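What follows is calculated from the coordinates using simple rules that are stated; it is not laboratory data. Everything numeric in this text was worked out from a predicted model, so none of it was measured. As a convention, Cβ positions derive from the backbone with ideal geometry for all residues, glycine included, and neighbour counts pool all protein chains shown.
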Amino acid sequence: MDDALPTIRQVVLDTTDARGLAEFYRGLFGLRYRDGDEPPPQGEPDPRGEDWLVLRGGDGVPLAFQQVASLPAATWPEGPVPQQLHLDATVPDVAALDAQHARALALGARLLHDRSDDPEEPLRVYADPAGHPFCLFVG
């Protein structure tokens, strides 16, 4: 077995209000924004809050919030819309990314997007056997 197993980097939540959801979890868990992701002064534009935000702190896995145009509300535990999230996991280098690619496929993952040749952030996006997306990337 390869020693360079993936490490979960953060849990990413899609939302139609990245800043609002980040503020909820910041307050709930006492987290802090990643440098540069803090809210701007009141009345100022918030371009980061319209795209991607990250909260860190404590001993837990950081949370990230990704802005999307629309998102059906989950109806869990019953109804047609289940819970929704994806995991980001890192490996130390491209060789490990390639090794984990083979492992992920062997375990039942399905490749959705391959950006492993990106020199700045090589990554691959997969669906797990249930269809939930997750990313493996060099980081």
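Between the stretch 33-54 and the stretch 105-139, how far is it from one alpha carbon centroid to the other, in angstrom? So the two Cα centres are separated by 28 Å. Over the stretch 17-67, one equal point on each Cα, no solvent: what is log10 I(q)/I(0) by the Debye formula at q = 0.13, 0.18 Å⁻¹? Debye curve over Cα of the stretch 17-67, log10 I(q)/I(0) at q = 0.13, 0.18 Å⁻¹: -0.26, -0.49. With the helix formula -39500 (n - 2.57) applied to DSSP H stretches of n ≥ 4, the chain reaches a computed 222 nm mean residue ellipticity of -6000 deg cm²/dmol.
For helix 18-29, what angle does its Cα long axis make with the longest principal axis of the chain, in degrees from 0 to 90 and rounded to 10? Approximately 90 degrees, to the nearest 10. Computed from the Kirkwood radius of its Cα pairs, the Stokes-Einstein diffusion coefficient for the chain at 37 °C and 0.692 mPa s stands at 199 µm²/s. Residues whose amide H lies under 5 Å from that of LEU112, counting only those 5 or more places away or on a different chain, are VAL125, TYR126, ALA127; hydrogens are built 1.01 Å from N in the peptide plane. Structure remark: mean-square fluctuation, Gaussian network model of the chain, C-alpha springs under 10 Å; the largest value among GLN66, GLN100, GLN42 belongs to GLN42. Sparsely packed loop sites in the stretch 1-103 (the GluC sites (Glu not before Pro) outside DSSP H, G, I, E and B with at most 12 other Cβ atoms within 10 Å) comprise GLU78. Quick check on the stretch 48-116: take the gyration tensor over C-alpha atoms, sort the square-rooted eigenvalues as a ≥ b ≥ c, and tell me if it's rounded (a/c under 1.5), prolate or oblate. Oblate shape, in that a/c is at least 1.5 and b/c is the bigger or equal ratio.
Rounded to the nearest 10 degrees, the angle from helix 94-107 to the longest Cα principal axis of the chain is 80 degrees.
Charging the Cβ of each Asp and Glu at -1 and of each Lys and Arg at +1, and nothing else, the dipole of the chain about its Cα centre rounds to 360 debye.
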